[in-house]
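Nothing in this text is a laboratory measurement; each read-out follows from the coordinates by a stated rule. Model, not experiment: these values are computed from the prediction. When we count neighbours, we look across all protein chains shown, and the Cβ atoms used for this are built from the backbone with ideal geometry, even at glycine.
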Amino acid sequence: SAPTSTAAAPMEEDDNDVKEAEVVAEEGDPREHINLVFIGHVDAGKSTLSGNILYLTDNVDKRTIERYEREAKDRNRESWFLAFIMDTNEEERAKGKTVEVGRAYFDTSLKRYTILDAPGHKNYVPNMIMGASQADVGVLVISARKGEFEAGFDRGGQSREHAMLCKTLGISHLVVVINKMDDPTVEWRKERFDECVTKLRPFLKSCGYIVKKEVKFLPISGLSGANVLNEVDAKDCPWWKESYSKRENNTDKPTLLSLFDSLEISGRERDGPVTIPVLDRYSDRGTIAMGKVESGTVRVGQKVIIMPTRNTYKIEGVWANELPVKCARPGENVLVKIGGAGVEDVQKGYVICDANDPCRAVDKIICTVALVDLPESLPIFSAGTTAIFHCQCIEEECTVMEIFETTNSRGVVTKNAKFAKVGMKVIMKLSLARSIPCETFANAPFLGRFTLRNEGKTIAIGKITKLPPKKV
Ligand code: GDP
């Protein structure tokens, strides 16, 4: 029989009659939640597109829009008001550049979304990494405008670097929007769209994408909104709809938002092993952990193991969006009451796991990283190099034990390399100061992707490829 909830809301009086009535929903909002990261060269139109999505889905109130319009006009940049919705700090507005990772929420009838707007400027790659490491889907914004498309792919163009980072971070869904199709140099011409796609394909392949399966291309105007929520007017673009339904074997609305709605995020199996990395914990009438359900469905009454301690507990209450629920699915932010646990038994960075299929806890890993930056005091990356290992909200000191292989940007592989330089891909063994809960990236992406930092700089991003065998 189904277990009954014995928990009240964490901060409330323990009143038995209220408890049963408060178990309002089975699962909270039934719509899946997805994180999107917008990437691409500066001025490709990321902020304008993000702003317009919020506007078209009614997530910006009228007064805010009017204020933005007025402000944009005052600065003689009328078309920028959509970008203003995303670029919220003064410095960015004055320069017209996106610096920090912006965040915004919107929803459709099918799904809920968070937009992480990554900066295109060269100096802000670490911010972009932060955004992308939380993302499920990458949206690569490419300008089709004459000259701009070409510049984005030149040496030093950011489209290249960003697409590569996304792949390294494990984002396997990439939506490539060919933007500014309304521009007078483009006028929704099929030839220009095809030219961009043809040039992008081999490049995306070289970043490791299985283009046919993982990448979708879409012509849009982020500025006018054509093909964003509503289809482009057939008068302007008579070829797209047919070409899309043929290519995708899909007769749905060929727009960006319906494409988002159709994406299936892997690793989010409702029936998979319950995995909740702990972000925080409270001790109020028992021990309550806060976190996001990364996989599985957590239920009241369920038995769990907490890693790395391997202690077993029973879930005595679950709250999603602060409402008591019987269970919560992947993507939901939850509070869970851990029966029998003391405060010290549940800590930030610990992982609440399925009792039958817990993650691992180890202090040695084999991994593949991309070296993105080195501080001046660390010109060489080699065995003995130390850094801080960040995986979900764990921070642990680590040391490079052995480099097995490096690959430089031209694809030249060196076995048993003595050192590695910025721009290289490195396969190596790392030793951690203490055992941490983790998994291989292939098994559980959210417990298998990490960054290495040194002196406040992100020096590498990577994924765990091999772990010692499981202890039984
Ligand atoms: P970001 O740096 O990638 O965030 O780019 P912005 O959103 O700030 O846009 C850069 C410039 O391109 C601005 O002048 C925009 O008005 C313009 N722009 C953005 N999207 C479009 C579009 O779909 N069509 C046209 N014609 N211009 C656009």
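Values as computed for the structure displayed
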read-out: Quotient of C-alpha Rg and 2.2 N^0.38 Å, computed over the range 314-472; value: 1.21
read-out: Peptide ranges 411-422, 345-356 listed from the most packed, as the mean C-beta count within 10 angstrom indicates; value: 345-356, 411-422
read-out: Charge tally in the Cβ shell below 13 Å around R434, where Lys, Arg are +1 and Asp, Glu are -1, R434 excluded; value: -3
read-out: Diffusion coefficient, µm² s⁻¹, Stokes-Einstein with Kirkwood Rh over alpha-carbon pairs of the range 334-417 at 10 °C and 1.306 mPa s; value: 96
read-out: Cβ-placed point charges (K, R +1; D, E -1), dipole of the range 358-467 about Cα centre in debye, nearest 20; value: 400
read-out: Of K146/K212; K212/K246; K146/K190, those spanning more than 19 Å from alpha-carbon to alpha-carbon; value: K146/K212
read-out: Cleavage-rule hits (GluC sites (Glu not before Pro)) in the range 228-296: DSSP loop, at most 16 neighbouring Cβ within 10 angstrom; value: E231, E264, E269
read-out: Normalised alpha carbon radius of gyration of the range 414-472 [divisor 2.2 N^0.38 Å]; value: 1.26
read-out: Neighbour cut-off at most 11 other Cβ (10 Å), DSSP loop, trypsin sites (Lys or Arg not before Pro), the range 436-472; value: K470, K471
read-out: In the range 163-269, the trypsin sites (Lys or Arg not before Pro) that fall in loop regions by DSSP, at most 15 other Cβ within 10 Å; value: R189, K235
read-out: Scaled radius of gyration (Cα, divided by 2.2 N^0.38 Å) that the range 264-309 gives; value: 1.27
read-out: Convex hull of the range 167-295 built on C-alpha atoms - directionally averaged projected area, nm²; value: 11.5
read-out: Overall Cα dimensions of the range 202-271, principal axis frame, Å, largest first; value: 44, 33, 25
